[in-house]
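*Asks:* Let me begin by handing over the structure; questions about it come next.
The values are calculated or read from the model by the stated rules, or taken from the named source; none is laboratory data. Because the structure is predicted, anything quoted here is derived from the model rather than measured. Neighbour counts run over all protein chains shown; Cβ positions are idealised from the backbone, glycine included. These accessible areas exclude ligands, DNA and RNA; they are computed on the full protein's heavy atoms, side chains included. Shrake-Rupley method; radii C 1.70, N 1.55, O 1.52, S 1.80 Å.
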Amino acid sequence: MENEKRIRAFLSERFPAFDETFDRAEDLSLVVDSLGLFDLLEFVEREFNVDVPTEEFSPQKFSSIDRILEFIDQLQAHS
Amino acid sequence: MIDRINSLPQTPYGPAAVKGYDADRSSPAVDATFLKASTALSSAVTGFIASAYCRVLALLLKIPNTAWLTRDHRVFFGLAVLGLFLITPRFLILGQFAFSRFVLGHSAARPDFTGWPYLPVIIAPLVLAALVTFSFGTAARLASLVSLSLLGGLAFGYLDVASLLAFVAFATVCFAVIRLPISRLTAAFILCALTLTLTLVTSWWLAGTAIAAMAAFQTPLIPMVWYSAYEHKGQRRPLTFQRFVPYLYGRFFAGPVMTYGDMFASVSGERLAEVRFGGIKALYVAAVASIVAAGTDLLLREFRLDELTGLPLLIASYAGYVGMYCKIVVAFNTVTGILRLFGLPVRDSFNYWLLARTPNEHWQRWNLLFREWVITFVFFPIMRAKRWLFAAIMSALIVSGALHLIPAAMSSQWTVYHTTIEVSYWIINGLAIYFVIKIPGRFPRLISALGVRDNLAWSIIGIVLTSSFYSILYGMRASGNWTDLVDYCERLVTSVL
């Protein structure tokens, strides 16, 4: 829950098209552009203290809040 | 009987022995118009059947979110009713051809269904097969799909034995390379070289075969074989040959870029029902796009780009742009829809692309799975290593352009002009994307004062400007030489000024 709040706070601040009405499973592909995707990745690495290996990166893993949380869980489990 | 058929007047589609075909209407021009009109409307029927099936399925499986279906259902129903009266001649022509060739052994000319829309001929038997194999297991459904499409392709001349052998040889070599104990990157580059070799071989030595006719769709195989190498080498989804071949097979029918993992993810129960529902939706969208593409083709035959000026020229260019993109939607969504009907969870390739407000958004809505590959393997590594935004954007667009250009460059009609105009197209796109990212950052106060973000009026202006941008680019690409290009620009600009 705490992780979700942090992600939502970042998305609201960085992407004007994002608001609180977004569902956890809702598609973020029109909100987060390619550059935004890169910023989101850096945010995840910095904020959750994880390292995303280049070969693990895929836009699909950042396509919804649910998927981002799942990806963070995976990275934390492996670190 | 054979003598009687041989004595009948011949049409481009065989003997004129079916209702709706008489000797007086056998000139190619009349036949082509007749065929296009009937196929456009029979697409509506296909769409209507798809939407009806979709509703029943949604009701039975209690699947929500059918608002998109209700929205345009009435117009579609009207077209569907009209289409019912016109669908019959097309299938009679097909039936008559099949009967005379395969039952009577008569050498009738193959019906020419190469025009738009071509949807009903391809999907009608496959949708039927999907319903018949509804309760089968995944492997049996996939085997049925591949066998039926092979048989259908061979029967109607979309495929030939030489093409099939070339394809199987290509898939076998790719599979062997992926299994070699080499690094992922090395495997990926060898696979790129193999795909380019396939394009060369089919263009030069297999000219006239089905696989050569599909050469334009071969270089986008690169993302697919690349994904395969990465997925297999990552040990997340080891490849099997019996899955690898059908995975690549769809691409030969101008299918979308897919990942191996998406296509063969295991689905069952309610999720399987949702996947099938998504299949009907994809076919429904393809049917609508098919009608739009046929409509724009007819429109541009009446209102030619080289005869218009000013706003009418811009509108005609818009029609051309929409028509061209709709044809790609038809091809991709047909493959996606059929695969989903057979229970394979393939993702969408488009997201309401006509509503893009900027060139950046256009590429966020268009060919999504190809974009994902470019972002993952071109844009992201450059940004990660050097944070060079301009280089990352331009490299992504140049790689995309190269994959589109290579097959076309094999054509004997290809000239320096074509190369220049195509390269310019991708560079202009890259620059547009870069400036759309950079300009708001340079003028934050102005952007804030104008209220550009989250404002309906600005969204509409954005859609109009982006559509105009791609319409003009379409018009420029449609010009055959430098003189025509200059003439197009002059006619567009002078009238406005």
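*Asks:* Please report the base-10 log of the normalised intensity I(q)/I(0) for segment B:219-296, using a Debye sum with one equal scatterer per alpha carbon and no solvent, at each q in 0.14, 0.16, 0.20, 0.28 (1/Å).
*Replies:* With no solvent term, the Cα-only Debye profile gives -0.61, -0.76, -1.00, -1.23.
*Asks:* Give me a single rounded figure for B:163-176: the average over its residues of other chain Cβ atoms within 10 Å of their Cβ.
*Replies:* Other-chain Cβ atoms within 10 Å of each residue's Cβ, averaged: 0.
*Asks:* Do any of A:5/A:61; B:386/B:438; A:5/B:386 go past 29 Å between their Cα atoms, and which? Before the final figure, lay out the partial values.
*Replies:* Values: A:5/A:61 18 Å; B:386/B:438 18 Å; A:5/B:386 31 Å.
With Cα atoms farther than 29 Å apart: A:5/B:386.
*Asks:* Reachable aspartates and glutamates from residue B:327, Cα under 15 Å, same-chain residues fewer than 8 places away excluded?
*Replies:* In chain and number order, the partners are B:297.
*Asks:* Can you list the chymotrypsin sites (Phe, Trp or Tyr not before Pro) in segment B:255-330 that are in a DSSP coil and have 15 or fewer other beta carbons within 10 angstrom? Don't skip to the end; give the middle numbers.
*Replies:* Details: sites: B:260, B:264, B:277, B:284, B:303, B:318, B:321, B:325; in loops: B:264, B:303.
Loop-located and lightly packed - B:303.
*Asks:* Output wanted: per-residue J couplings in Hz (rounded whole) for segment B:317-332, from phi through Karplus 6.51 cos²θ - 1.76 cosθ + 1.60, θ = phi - 60°, x for Gly and Pro.
*Replies:* Ordered by residue, 3J(HN,Hα) equals 5, 4, 4, x, 4, 5, x, 4, 5, 4, 4, 5, 4, 4, 4, 5 Hz.
*Asks:* So for B:268, B:163, what's the accessible-area order with a 1.4 Å probe, most first?
*Replies:* Details: B:268 85, B:163 5 Å².
Highest to lowest solvent-accessible surface, that is B:268, B:163.
*Asks:* While we're here: Would you mind giving the mean number of other chain beta-carbons within 10 Å of the Cβ of each residue in B:360-373, as a whole number? Walk me through the intermediate numbers first.
*Replies:* On the way: counts 3, 2, 0, 2, 6, 2, 0, 0, 3, 1, 0, 3, 5, 2.
The per-residue average across the peptide is 2.
*Asks:* At a 10 angstrom cut-off on C-beta neighbours, averaged per residue, how do the peptides B:456-466, B:338-348 rank from highest to lowest?
*Replies:* Numbers: B:456-466: 13.5, B:338-348: 23.6.
The packing order, highest mean first, is B:338-348, B:456-466.
*Asks:* Order these peptides, A:54-67, A:4-17, B:353-366, by their mean beta-carbon neighbour count within 10 angstrom, highest first.
*Replies:* Working: A:54-67: 17.3, A:4-17: 14.4, B:353-366: 19.9.
By packing density, highest mean first, the sequence is B:353-366, A:54-67, A:4-17.
*Asks:* Can you tell me the 0 to 90 degree angle between the C-alpha axis of helix A:2-14 and the longest principal axis of chain A, rounded to 10?
*Replies:* 60
*Asks:* Please sort A:20-32, B:422-434 by packing, taking for each peptide the average over its residues of neighbouring beta carbons within 10 angstrom, highest first. Before the final figure, lay out the partial values.
*Replies:* On the way: A:20-32: 14.1, B:422-434: 18.2.
Top of the packing list down: B:422-434, A:20-32.
*Asks:* Pairing the Cα long axis of helix A:65-78 with the longest principal axis of chain A, what angle in degrees results, from 0 to 90 and rounded to the nearest 10?
*Replies:* It works out to around 10 degrees.
*Asks:* Just reorder B:174, B:489 by solvent-accessible area, largest first, 1.4 Å probe, all chains present.
*Replies:* On the way: B:174 0, B:489 50 Å².
Ranked from most to least accessible, the order is B:489, B:174.
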